[in-house]
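The values are calculated or read from the model by the stated rules, or taken from the named source; none is laboratory data. These numbers come from a predicted model, not from an experiment. Positions of Cβ are backbone-derived with ideal geometry, glycine not excepted, and every protein chain shown enters the neighbour counts. Keep in mind that these areas ignore ligands, DNA and RNA; they rest on the heavy atoms of the full protein, side chains included. Shrake-Rupley method; radii C 1.70, N 1.55, O 1.52, S 1.80 Å.
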Amino acid sequence: MEQAGQLCVLLVEDELLIREMMSDCLQDAGYDVVAVENGALAFDVIGRAPAPFSLLVSDFHMPGNIDGSQVAARIRECWPAIPVIIASGRPDIFEASWKHELGYELLKKPYLPSQLVSLVGALTTARVHRPVAD
């Protein structure tokens, strides 16, 4: 959740080692991270968040009946302008409308931690420097 100058990423990834590595990399880059392992837990965290998250990074395919696109839709109900990154090893599932209509970004697995940090940085910088409408 955003706090004075601190950006917070919600990371949803079912693979423990990937989740821990990505969380550590994002923390090393200066972000606060809330990391959960599935869509149901993400829904819970979103519902209880006392302040807005800065960005969502979600795996697409996860155990349970809530996938990454559903997590993205849920977080956008709360914070419509939040940047969203969907990570998947199957880019064919990434619908064209997600990019063009919703502005989601695709991060193709496997990816390097530096690729994630770079994309998160670009999206949060663009959001922070976006002009405010009158």
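Rounded to whole Å and sorted largest first, list the principal axis extents of the Cα atoms in the range 86-125.
Principal-axis extents of the range 86-125 (Cα, largest first): 25, 24, 8 Å.
Using the Cα centre of the chain as the reference point, and only Cβ charges (+1 on K/R, -1 on D/E), how large is the resulting charge dipole? Debye, rounded to the nearest 20.
280 debye
Heavy-atom accessible area per residue, the range 1-97, 1.4 Å probe: how many Å²?
Values: 4460 Å² over 97 residues.
I get 46 Å² per residue for the range 1-97.
Could you please report the charge total around residue 14, scoring K, R as +1 and D, E as -1 over all other residues with beta-carbon less than 11 angstrom from its beta-carbon?
Values: positive: 19; negative: 13, 15, 37, 59, 67.
Here the count lands on -4.
Would you mind listing how long the chain runs along its three principal axes, going by Cα atoms, in whole Å with the largest first?
Here the Cα extents, ordered largest to smallest, are 41, 32, 29 Å.
Can you send over the carbon and sulfur percentage of the accessible area for the chain, probe radius 1.4 Å, protein chains only?
Its accessible area is 54 percent carbon and sulfur atoms.
What per residue convex hull volume, in Å³, comes out for the range 1-74 when only alpha-carbon positions are used?
Values: hull volume 5.1 nm³, N = 74.
Convex hull of Cα atoms, per residue: 70 Å³.
Springs between alpha-carbon atoms under 10 Å, Gaussian network over the chain: tell me which of 76, 19, 90 tops the mean-square fluctuations.
Maximum among the listed residues: 90.
Quick check: convex hull over the Cα atoms of the range 43-106, volume per residue in Å³, rounded to an integer?
Spelled out: Cα convex hull of the range 43-106, divided by residues, is 78 Å³.
Each label point is 7 Å from the Cα along the Cα-to-Cβ direction; what then is the distance between the points at residue 44 and residue 125, in nm?
Going by the 7 Å Cα→Cβ label model, 3.6 nm.
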